[in-house]
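The values are calculated or read from the model by the stated rules, or taken from the named source; none is laboratory data. Owing to the predicted nature of the structure, the values given are computational and were not obtained by experimental measurement. As a convention, Cβ positions derive from the backbone with ideal geometry for all residues, glycine included, and neighbour counts pool all protein chains shown.
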Amino acid sequence: MSKIKITGLTVSDVRFPTSQEHHGSDAMHTDPDYSAAYVVLETDAALKGYGLTFTVGRGTEIVVCAVEALSGLVIGKTLEEIVNDFRGFYRILTSDGQMRWIGPEKGVIHLATAAVLNAVWDLWARAEGKPLWKLLVDMDPDLLIKCIDFRYISDALTEREALDILMKAREGKQQREEQMLKDGYPAYTTSCAWLGYSDQQLTQLCSTALAEGWTRFKVKVGADLEDDIRRCRLIRQMIGPDKTLMIDANQRWDVSEAVAWVTKLAEFRPLWIEEPTSPDDILGHATISKALAPLDIGVATGEQCHNRVMFKQFLQASALQFVQIDSCRVGSVNENLAILLMACKFNVPVCPHAGGVGLCELVQHLILFDYISVSGSLQNRMCEYVDHLHEHFRSPTVIRQACYIPPKDPGFSCEMLEESVQKYQFPNGEVWKTTLLQKGQ
Ligand SMILES: [Mg+2]
């Protein structure tokens, strides 16, 4: 299998006009068009590898350009040489002597790295005939460790410690895998309460979600305090006292403002406040965490956390109580493995960020692996779910009784339907030609 050679890479700018319906709107991203830089790896065999990174509209063309800049580092390699030294290959992509200047390991170039590496992992899983989560679960711990770049994190997690975590979690692994196949991984929904939705829409979506068996709900906050109080009260009344509520400010506040604002929402008993302030402000998050601890409200962040080095510091500074990994923000599976293992060492639960387009499809694999092979716990853990745009994927997520059912198809679940890629391609796809014409652009 592994002699497969990568012979080409194509990348497309695919955008969905979600802003028209206010899907995905929050305190900072008021009009997102869920988008992706979508990568297809061509090979000299029948297989292809599919990967993407998530964006919210304008600027996707810049990520596409960065993917093109990285493509020369991938084309011509065999799958075998990549996976036999995956740590080395990760460094080739992230530490190119010239390109690292425009990162390193952050921003546009790192989003592009994620898209490329997601496609490589997809190709590997397909070559093995397994869904990605199963490839990871079955992988020898030594080989898993060799996929991770420990540079800059060895003061918090050594290779030895990482290996010990994986060895220790072998106990009960089989049962946990069976449990996941039977029941799935617990999810929460963000689809009911985007900031741009009316109270009527919120009420209707929430009652539908309750009827479908959802027990955990997230509400967008941060634009207007009176609105937040009204919306949180409405949703708390609807879901009752026993179900779980989370709130998400998407980086809207300064540190003291965050503490004051969330204190006013404490009566609705949110489990966490997500992204209260700048995603780069580690000490600010630590201050907020400390101030909210007496109210029993945790701080969650990570969807815009640049890399494993930042996560290390968040953990060292006790600046978060929930780690929100993202499948496209950091360097794909390789870097997320490092983050999962660090979170385990620091005993902080991982609750992945998902939604957008393709993020649910991708991240479900990582959280299944986390439960089966790393943390072994479901305590205070759940994976975000957003019910938009799944119809564009060949192997869309399956949700049953508010749980992610483990994917069975080989790969990383992010292959899009060819007709969707064509139709939503920016700016020349059918949908955008019409939309831009209507806007007179
Ligand atoms: Mg969020």
For the stretch 307-317, the count of residues that are surrounded by fewer than 24 Cβ atoms within 10 Å (Cβ to Cβ) and either in a helix (DSSP H, G or I) or among the acidic types (Asp, Glu) (or both) equals 6
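Kindly establish whether Val137 is β-branched (Val, Ile, Thr) and closer than 25 Å to Ile405 by Cα.
Against the criterion (β-branched (Val, Ile, Thr) and closer than 25 Å to Ile405 by Cα), Val137 qualifies.
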Any hit, the stretch 310-326, residues being over 15 Å from the mean Cα position of the chain (by Cα), closer than 23 Å to Ala266 by Cα and of a type in the set (Gly, Ala, Ser): yes
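Of the residues that sit in the stretch 254-280 and are among the charged types (D, E, K, R) and more than 16 Å from the ligand (Cβ to nearest atom), which one is nearest to Thr190 (Cα to Cα)? Explain how you work it out, then say what you get.
First pass over the stretch 254-280, keeping only residues among the charged types (D, E, K, R): 254, 257, 264, 267, 269, 274-275, 280.
Narrowing further to those that are more than 16 Å from the ligand (Cβ to nearest atom): 254, 257, 264, 267, 269.
Details: Asp254: 24, Glu257: 24, Lys264: 21, Glu267: 20, Arg269: 17 Å.
Result: Arg269.
Quick one: which helices (runs of 4 or more DSSP H) sit completely within the stretch 318-433 and have at least 3 residues that are among the charged types (D, E, K, R)? Working first, answer last.
Working: elements: 332-345, 359-369, 418-424.
Correct list: 418-424.
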Take the stretch 245-266 and flag every residue that is over 20 Å from the mean Cα position of the chain (by Cα) and of a type in the set (Val, Ile, Thr). Val255, Val259, Val262, Thr263
Could you name every one of the strands (runs of 3 or more DSSP E) located completely within the stretch 1-99 that has at least 3 residues being at pLDDT below 95? none
Conditions (1) within 16 Å of the ligand (Cβ to nearest atom); (2) surrounded by fewer than 19 Cβ atoms within 10 Å (Cβ to Cβ); (3) within 28 Å of Lys345 (Cα to Cα) -> Gln379 fails only (1)
Residues that are surrounded by fewer than 17 Cβ atoms within 10 Å (Cβ to Cβ), over 21 Å from Val56 (Cα atoms) and either modelled with pLDDT of 95 or more or under 18 Å from the mean Cα position of the chain (by Cα) (or both): does the stretch 365-374 have at least one? no
Read through the list (1) β-branched (Val, Ile, Thr); (2) under 27 Å from Glu178 (Cβ atoms); (3) within 16 Å of the ligand (Cβ to nearest atom), then give the number of the only condition that Val398 fails. (3)
Subset of the stretch 282-309, residues within 16 Å of the ligand (Cβ to nearest atom), of a type outside the set (Val, Ile, Thr) and more than 14 Å from the chain's Cα centre (by Cα), comes to His285, Gly298
Of the conditions (1) over 26 Å from Arg269 (Cα atoms); (2) within 16 Å of the ligand (Cβ to nearest atom); (3) among the acidic types (Asp, Glu), Asp370 fails just one. Which one is it? (2)
Could you please find all residues in the stretch 175-199 being away from the ligand (no atom under 16 Å from the Cβ), modelled with pLDDT under 95 and not small (Gly, Ala, Ser)? Asp199
Restricting the search to the stretch 166-181, which residues are more than 11 Å from Val137 (Cβ to Cβ) and outside any helix (DSSP H, G or I)? Glu171, Gly172
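For the condition of a type outside the set (D, E, K, R) and not in a helix (DSSP H, G or I), what is the one hit in Leu163, Leu157? Full working, then the answer.
Numbers: Leu163 fails: not in a helix (DSSP H, G or I).
The unique qualifying residue is Leu157.
Do you know which residues across the stretch 1-30 are acidic (Asp, Glu) and within 16 Å of the ligand (Cβ to nearest atom)?
First, the residues of the stretch 1-30 that are acidic (Asp, Glu): 13, 21, 26.
Listed by number, the list holds a single entry, Asp26.
Regarding the stretch 298-307, can at least one residue be identified that is closer than 17 Å to Lys218 by Cα, charged (D, E, K, R) and touching a residue at least 40 places away in the same chain (Cβ under 8 Å)? I'd like the intermediate steps shown before the answer.
Of all residues in the stretch 298-307, those closer than 17 Å to Lys218 by Cα come to 298-303.
Filter once more, keeping what is charged (D, E, K, R): 303.
Those left that are additionally touching a residue at least 40 places away in the same chain (Cβ under 8 Å): 303.
Checking the stretch 298-307: at least one residue is closer than 17 Å to Lys218 by Cα, charged (D, E, K, R) and touching a residue at least 40 places away in the same chain (Cβ under 8 Å).
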